[in-house]
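Below is one structure, written out as structure tokens, with a few remarks after it.
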């Protein structure tokens, strides 16, 4: 892999810096926590407790990687503000979310509260931060109004969202845009000293994800119980990417914002190459090949809840302005993920660090 951003670049940006990381107990958050610790940052995490005892955060002993770990709800505006302002961070990475499409159908109002209102709470807290800071607000590739015409979405395309999860993230984008114009306007940066960017990526895979209703997690669970995995949407096409791809992008974006807070205070897509497309069924076959076990069957239901069949991102803005591009194709991402789960001889932390070092 060609190294777009190196460990040396990131260490210069983050070593010794204070980083406020929401969602640090989640799948992506736990990977991000390990990277930031490896880079020498002092991380204060703010999130709900891990949902499962065997979640990645517990496997890597995440508490020991944090300067401080606060277990609290993003909906608690006063608690969040107190913890963020007291810490005086140099960087804020907002990953906390209700991240599942099907759970969004089950809990729509909660999903809107966490994803849209929770983002407003983070930005409100940053308003009260009396020092310069860069804030990277993480949304998703599903924020776009998607007619599924096969064209990649660019950052200025229409926002929307059919299902509650997608709509809640599009709402979060509107919140971010409003705060960036109203309170963190680049024309007045010398007054507020905040830089705010939105980062859009999605369909992340990688070792240590144990969430419900995600294809890799479903495969791993089925294999562990000797069952056949059922594919709800075998023909759906997704821009699959390894978790290290967007996390590296977020860190690169944060570093660029610290160096030039006005130029990079905007929205960016971070997706794989548009031609690098695989269906859910193709992913399943490749994963099982590298894992060395597993079987599947088609359990698609024409009456099931709506989920987008085709979703592509145009990441040319990130390439042109940030110097970022995808380093890992989908087949390699699936291989790294399968090998992580298949490795029963090393700890989760060791497996993650091996891939982090190889990637950067």
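For the range 182-229, name all the residues that are within 28 Å of residue 353 (Cβ to Cβ) and without any contact (Cβ under 8 Å) to a residue 60 or more places away in the chain. Within the range 182-229, 217, 218, 221, 224 meet the criteria.
Filter the range 128-148 for residues that are surrounded by fewer than 16 Cβ atoms within 10 Å (Cβ to Cβ) and either assigned to a helix (DSSP H, G or I) or in contact with a strand residue (DSSP E or B) (Cβ under 8 Å, 6 or more places away or on another chain) (or both) and give the result. Across the range 128-148, the qualifying residues are 132, 145, 148. Starting from residues that are under 20 Å from residue 330 (Cβ atoms) and either free of Cβ contacts under 8 Å to residues at least 40 places away in the same chain or touching a helix residue (DSSP H, G or I) at 6+ places or on another chain (Cβ under 6 Å) (or both), keep the ones in the range 242-259 and report whichever is surrounded by the most Cβ atoms within 10 Å (Cβ to Cβ). Among residues in the range 242-259 that are under 20 Å from residue 330 (Cβ atoms) and either free of Cβ contacts under 8 Å to residues at least 40 places away in the same chain or touching a helix residue (DSSP H, G or I) at 6+ places or on another chain (Cβ under 6 Å) (or both), the one surrounded by the most Cβ atoms within 10 Å (Cβ to Cβ) is 242.
Name every residue in the range 38-78 that is more than 30 Å from residue 345 (Cβ to Cβ) and out of contact with any strand residue (DSSP E or B) (no Cβ under 8 Å at 6 or more places or on another chain), in order of residue number. Selection gives 73, 75, 76, 77, 78. Under the condition of being under 19 Å from the mean Cα position of the chain (by Cα), buried (at least 18 other Cβ atoms within 10 Å of the Cβ) and free of Cβ contacts under 8 Å to residues at least 60 places away in the same chain, the residues counted in the range 316-355 number 1.
Mind listing whichever residues of the range 13-37 are farther than 22 Å from residue 241 by Cα and touching a residue at least 60 places away in the same chain (Cβ under 8 Å)? Listed by number, the residues that qualify are 13, 14, 17, 18, 19, 20.
Among 96, 72, which is at pLDDT 95 or above and under 16 Å from residue 138 (Cβ atoms)? Result of the check over 96, 72: 96. Name the single residue, out of those in the range 238-279 being at pLDDT below 95 and not in a loop (DSSP other than H, G, I, E, B), that is nearest to residue 39 (Cα to Cα). Looking at residues that are at pLDDT below 95 and not in a loop (DSSP other than H, G, I, E, B), I get 241. The residue that is nearest to the chain's Cα centre (by Cα), counting only those in the range 46-63 that are in a loop (DSSP other than H, G, I, E, B) and under 14 Å from residue 32 (Cα atoms), is 60.
The values are calculated or read from the model by the stated rules, or taken from the named source; none is laboratory data. What you see is a predicted model; the values in this text were computed from it and never measured. Here Cβ is always computed from backbone atoms with ideal geometry, including for glycine, and neighbour counts include all displayed protein chains.
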